[in-house]
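Asks: Just passing along the structure, written as structure tokens.
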Amino acid sequence: MKKILTAIICIFLAAVFITGTFETSVKAESSISFTVNDLQSLMEKGDKNFEAGNYNEAIKNYTAAIELDSDFADAYNSRGVTYLMNGDTANAIKDFNQAINLNPSFGMAYANRGQAYVEKGEAAKALADFNKAIEVDPTCTLAYNNRGAFYLNTNDDEKAFADFNKAIQLEPTYAQAYNNRGAIYGNNGDLAKAKADFQKALELDPHNQDAASNLAKLPQ
């Protein structure tokens, strides 16, 4: 039997965690420091709440950042991710649209909107967004992983495998891409390589429940 384990795919919806400088449209020189510092604080609070699963609080933080700088594409993307994690696909897509309008080269925003379309069952739009993400940012590992998951879920293992390989090539510490590639190996009977990929995913991310579950499904 070919399908020996469930190909568990967990898409990483990349909120942008800001650690560097902000590009803002602040005009008054005297307010620049305040605005940047306040944006930094609000984004950090939002990121912490997001990581803790406090999505409603994270949305409030990102909304406050947007109120300070309505041209801040990263804040729309992060809020969109949070809406999507909170089950609000409509508002997620609105935020990704705005992030893309503000920054047409924002690969992660396209990749995230593509996943929102997956959630809505709009496959053509999803694939178009994943492709666009890679077009505008060929190094966007999220886009390769999400498109790979799309292909895997539509039974195109060859394209899925190529995308997961590319994600790993670009980001060798991308745990979920190892898990997803391992699912392909496992489903096609290459148990040794499947085991190696699941173990690598767990080495990189010991809390990766998908890899742990897939590893447990492998025949002993």
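We did not get these values from a lab; they are worked out from the coordinates using the rules stated. The structure presented is a predicted model; accordingly, all values stated were derived computationally and were not measured. Cβ atoms come from the backbone with ideal geometry, glycine included; neighbour counts cover every protein chain shown.
Asks: Would the range 97-185 count as rounded, prolate or oblate if I go by the C-alpha gyration tensor, calling it rounded below 1.5 in a/c and otherwise prolate when a/b exceeds b/c, oblate otherwise?
Replies: Oblate is the answer for the range 97-185, as a/c is 1.5 or above yet b/c matches or exceeds a/b.
Asks: Further question on the same structure: Determine the gain in length on full extension of the stretch residue 158-residue 97; use 0.36 nm per residue of separation and subtract their C-alpha separation, reporting nm with one decimal. Don't skip to the answer; put the middle values down first.
Replies: Working: separation 61, 0.36 × 61 = 21.96 nm, distance 3.06 nm.
Separation in residues times 0.36 nm, less the Cα-Cα distance, equals 18.9 nm.
Asks: Related question: With r as the distance between the Cβ atoms of residue 192 and residue 52 and R0 = 30 Å, compute the FRET efficiency 1/(1 + (r/R0)^6) and round to 0.05.
Replies: According to the calculation, E is roughly 0.20.
Asks: If packing is taken as the average number of other Cβ atoms within 10 Å across a peptide's residues, how do 126-136, 45-55 rank, most packed first?
Replies: Working: 126-136: 20.2, 45-55: 17.1.
Listed from highest to lowest mean packing, they are 126-136, 45-55.
Asks: Express in whole angstrom the spacing between the alpha-carbon centres of the range 37-64 and the range 183-209.
Replies: 33 Å
Asks: Give the shape of the range 29-217 as rounded, prolate or oblate, defined through the alpha-carbon gyration tensor: a ≥ b ≥ c are the square roots of its eigenvalues, a/c under 1.5 means rounded, and otherwise the shape is prolate if a/b is larger than b/c and oblate if not. Don't skip to the answer; put the middle values down first.
Replies: On the way: a/c = 2.23, a/b = 1.75, b/c = 1.27.
Since a/c reaches 1.5 and a/b is larger than b/c, the shape of the range 29-217 is classed as prolate.
Asks: Then there's this: Once phi is turned into ³J(HN,Hα) by the Karplus curve 6.51 cos²θ - 1.76 cosθ + 1.60 with θ = phi - 60°, what whole-Hz value does each residue of the range 185-193 show in order, with x for glycine and proline?
Replies: 4, x, 5, 9, x, 8, 5, 5, 6
Asks: Please compute the contact order of the range 27-167 in relative form: average sequence separation of alpha-carbon pairs under 8 Å and at least six residues apart, divided by the residue count, as a percent. Walk me through the numbers before you get to the answer.
Replies: On the way: 182 pairs, mean separation 18.9, N = 141.
Contact order relative to length: 13 percent.
Asks: May I pose another question? Measure off 7 Å from each Cα along the Cα-to-Cβ vector at residue 213 and residue 119, then give the distance between these two points in nanometres to one decimal.
Replies: Taking the two extended label points, one gets 1.7 nm.
Asks: Quick check on my link table: of 120/195; 125/200; 125/166; 48/193, which ones sit more than 29 Å apart, alpha carbon to alpha carbon?
Replies: As for pairs spanning more than 29 Å Cα to Cα, those are 120/195; 125/200; 48/193.
Asks: So, R0 is 35 Å and r is the distance between the beta-carbons of residue 139 and residue 220; what FRET efficiency does that work out to, to 0.05?
Replies: Efficiency computed from Cβ-Cβ geometry: 0.35.
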